[in-house]
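Peer 1: I have a structure here, written as structure tokens, and I will follow up with some questions on it.
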Amino acid sequence: MGTESNKNGTSIIIHLIIINVLFWIAAQLLPRIEIDIYKYLGLHYWAGTDFKPFQFVTYMFLHDPSSIIHLFCNMFNLYMFGPVIERTMGRNKFFIYYFVTGIGAGIVQQLAWTYDLAPFTAGINQLIEGGLSKPIDIGNNIVFYSIGEVTDYANNVYNAYVSVGASGAIFALLLAFGMFFPNQPLYIMFIPIPIKAKYLVIGYAIIELFFGVKNFDIDNVAHFAHLGGLLFGLLLILYWRHSNKKKFQ
């Protein structure tokens, strides 16, 4: 990189990659001393006792502990798209953009969970409000003898919902690239023809919406978090563009 600003710009990308790698290594080592980093730093469903507000930030630095593929794909895309987006936006705006879109992705994921769990939550609330005059068998060998057991069961279900990964922010970077360089040809693995960036972004959004709505049982990808990153990225870029126009009016 030829200029000092470019060097400084690239450094934020390198720092993000290093932090993510260190978190992944920690996730491999800490269980040996009985510390579950995902319990404390992964983004949990807001109604569970394991949820903490700071998880909207920390979950972005955690990735699938069982495979390095999740981490590698996100960091590769960060390395490929991050520097050019940072140089286009400027360092400060890039920093804001990355974290706002990552947090936004977490917010959208929380809304998706709330929608999915609405029938379950309604049933639990009905049991609590009605009281237990006798044991209630809800199937699967689960019998409630007290309201406390009902709330404990609900909390265990809520705490099982957890999301990790920087994918929401990474998708937002792809969106930014598509908006700043819409006609730039990009190549996708196994597809021998180039695709313009704007069409690639639209295609990704459609795919994520499809899989998010279908909610396949075998799919544990947080598709609505990806869509959340795209949405917040779009809103932030449009806001900045509108603000810049007002300055020159």
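Only the coordinates and a few stated rules stand behind these numbers; no lab work does. It should be emphasised that the depicted structure is a prediction, and the values quoted were computed from it without experimental measurement. Cβ coordinates were reconstructed from backbone atoms using ideal geometry, including for glycine residues, and neighbour counts include every protein chain displayed.
Peer 1: Hey, can you grab everything whose amide H is under 5 Å from the amide H of Lys196? Only 5+ residues off in sequence or another chain; H modelled, so Pro and N-termini drop out.
Peer 2: Distant-sequence amide H within range of Lys196: Leu186.
Peer 1: With unit charges on the beta carbons (Lys and Arg positive, Asp and Glu negative) and the dipole taken about the Cα centre of the stretch 4-247, which residue among Pro119, Ile25, Leu186 sits farthest to the positive side?
Peer 2: Going by the charge dipole, the pick is Leu186.
Peer 1: Within a Cβ distance under 14 Å of Tyr40, other residues only, what is the Lys/Arg minus Asp/Glu net charge?
Peer 2: On the way: positive: Lys39, Lys52; negative: Glu34, Asp36, Asp50.
Residues close to Tyr40 contribute a combined charge of -1.
Peer 1: Sticking with this structure for a sec: Rounded to the nearest Å, what's the spacing between the alpha carbon centres of the stretch 97-159 and the stretch 169-183? Just the number, please.
Peer 2: 36
Peer 1: Let me know the volume per residue of the alpha-carbon convex hull for the stretch 4-247, in Å³. Each step should come with its number before you reach the end.
Peer 2: Working: hull volume 39.7 nm³, N = 244.
Taking only Cα atoms, the stretch 4-247 has a hull volume of 163 Å³ per residue.
Peer 1: May I pose another question? Expressed in whole Å with the largest first, what are the equivalent ellipsoid semi-axes of the stretch 25-66 derived from the C-alpha gyration tensor as the square root of 5 times each eigenvalue? Before the final figure, lay out the partial values.
Peer 2: Details: eigenvalues 72, 26, 11 Å².
Those come to 19, 11, 8 Å.
Peer 1: Summing Lys, Arg as +1 and Asp, Glu as -1, what charge do residues with Cβ under 15 Å from the Cβ of Phe180 carry, Phe180 excluded?
Peer 2: Numbers: positive: Arg87, Lys93, Lys196, Lys198, Arg241; negative: Glu86.
Here the count lands on +4.
Peer 1: For the pair Arg87/Phe99, report the inter-label distance in nm, with labels modelled 7 Å from Cα in the Cβ direction.
Peer 2: 2.5
Peer 1: For n ≥ 4 DSSP H runs only, could you compute -39500 (n - 2.57) per run for the chain, divide by its residues and tell me the 222 nm figure to the nearest 500?
Peer 2: Working: 9 runs with 166 residues, N = 249.
Using -39500 (n - 2.57) per qualifying helix, the result is -22500 deg cm²/dmol.
Peer 1: Suppose each label sits 7 Å from its Cα in the direction of the beta carbon; what would the Ile136-Tyr40 distance come out to in nanometres?
Peer 2: So the two model labels end up 3.6 nm from each other.
Peer 1: Just to be sure I understand the model, the point goes 7 Å from the Cα along the line to the Cβ. What's the resulting Val143 to Tyr199 distance in nm?
Peer 2: Result: 6.3 nm between the two label points.
Peer 1: Mind giving me the FRET efficiency for Tyr79 and His242? R0 is 25 Å, r the Cβ-Cβ distance, nearest 0.05 is fine.
Peer 2: Details: r = 30 Å, r/R0 = 1.22.
For Tyr79 and His242, the calculated efficiency is 0.25.
Peer 1: A further question follows. Once R0 is set to 22 Å, what does the formula 1/(1 + (r/R0)^6) return for the Cβ-Cβ distance between Asp152 and Arg32, expressed as a FRET efficiency to the nearest 0.05? Each step should come with its number before you reach the end.
Peer 2: Numbers: r = 29 Å, r/R0 = 1.31.
Once the sixth-power term is evaluated, E becomes 0.15.
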